[in-house]
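Undergrad: So that we are looking at the same thing, I have put the structure below in structure tokens.
The values are calculated or read from the model by the stated rules, or taken from the named source; none is laboratory data. Just so it is clear, the structure is predicted and the values come from calculations on it, not from any experiment. Here the Cβ positions follow ideal geometry from the backbone for every residue, glycine too, while neighbour counts run over all protein chains shown.
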């Protein structure tokens, strides 16, 4: 399976709320690195650490969705370019773009790191 298809499957499972099958696509030592300035920022290691990430993420966002995503693959990297929209805990509607870089090895997602085009916008008051 192509690396981009693995990441697309990860997105599809998360969109359906199927975290169990999404996490099966992750390496045991998977790492997620979010910008430290975000309420859910920092590093998360291992699929089980995503439980903590999603708890913090869901506490900040009343509503959140990915409107569009395009996937690009180069060797063992997959770039997901997305437009996201959400309503934060302050009831502010936010729409912006982001790029996530995924590293895939042996048919498993090893790491993910999002880069928001405007991190300060996510903290809009």
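Undergrad: Does the stretch 8-20 contain at least one residue that is more than 18 Å from residue 109 (Cβ to Cβ), touching a helix residue (DSSP H, G or I) at 6+ places or on another chain (Cβ under 8 Å) and touching a residue at least 12 places away in the same chain (Cβ under 8 Å)?
TA: No, the stretch 8-20 contains no residue that is more than 18 Å from residue 109 (Cβ to Cβ), touching a helix residue (DSSP H, G or I) at 6+ places or on another chain (Cβ under 8 Å) and touching a residue at least 12 places away in the same chain (Cβ under 8 Å).
Undergrad: Conditions first: (1) modelled with pLDDT of 95 or more; (2) surrounded by 14 or more Cβ atoms within 10 Å (Cβ to Cβ). Residue 94 passes all but one, so which condition is the exception?
TA: (1)
Undergrad: Do the conditions hold for residue 107, that is, is it modelled with pLDDT of 95 or more, touching a helix residue (DSSP H, G or I) at 6+ places or on another chain (Cβ under 8 Å) and surrounded by fewer than 16 Cβ atoms within 10 Å (Cβ to Cβ)?
TA: In short, yes.
Undergrad: Kindly provide the set of residues from the stretch 41-74 that are at pLDDT 95 or above and touching a helix residue (DSSP H, G or I) at 6+ places or on another chain (Cβ under 8 Å), ordered by number.
TA: Within the stretch 41-74, 44, 69, 71, 72, 73 meet the criteria.
Undergrad: Do we find a residue being within 14 Å of residue 116 (Cα to Cα), surrounded by 12 or more Cβ atoms within 10 Å (Cβ to Cβ) and in contact (Cβ under 8 Å) with a residue 12 or more places away in the chain anywhere in the stretch 49-66?
TA: Yes, some residue in the stretch 49-66 is within 14 Å of residue 116 (Cα to Cα), surrounded by 12 or more Cβ atoms within 10 Å (Cβ to Cβ) and in contact (Cβ under 8 Å) with a residue 12 or more places away in the chain.
Undergrad: On to the next question. Here is a check on your reading of the model: is residue 79 surrounded by fewer than 18 Cβ atoms within 10 Å (Cβ to Cβ) and within 17 Å of residue 57 (Cα to Cα)?
TA: When the stated conditions are applied, residue 79 does not pass them.
Undergrad: Mind checking which residues of the stretch 1-21 are at pLDDT below 95, more than 19 Å from residue 99 (Cβ to Cβ) and assigned to a helix (DSSP H, G or I)?
TA: Of everything in the stretch 1-21, those that are at pLDDT below 95, more than 19 Å from residue 99 (Cβ to Cβ) and assigned to a helix (DSSP H, G or I) turn out to be 19, 20.
Undergrad: All but one of (1) assigned to a strand (DSSP E or B); (2) free of Cβ contacts under 8 Å to residues at least 60 places away in the same chain hold for residue 31; which doesn't?
TA: So residue 31 meets the others, but not (2).
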